[in-house]
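None of the figures in this text is laboratory data; all of them are computed from the coordinates on show. Please read all numbers here as calculations on a predicted model, not as lab measurements.
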């Protein structure tokens, strides 16, 4: 009974009899294309900016030290430095590959 009421209230644009189906489909299609175009433009700009790889030459360890300066608010383990996480991840991956 409740589900019938919910179905009655919800719009069903998949229904061929719905006069707004094409309008809604076109609207969301245009929004999708605009969003995709925006993302591709950004990606192209970033690829052009960073593809020459002339930013810096640093060692892996220097990279890890830079990583230590980044605060990841989504990380529940903020007491541990980022470099510790990097080392744990690398060690775990090494064991997964069966390396000494």
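Shape of segment 61-100 from its Cα gyration tensor (a ≥ b ≥ c, root eigenvalues): rounded if a/c is under 1.5, otherwise prolate when a/b > b/c, or oblate?
oblate
When the Cα convex hull of segment 26-96 is projected onto planes of every orientation, the mean area is 8.3 nm².
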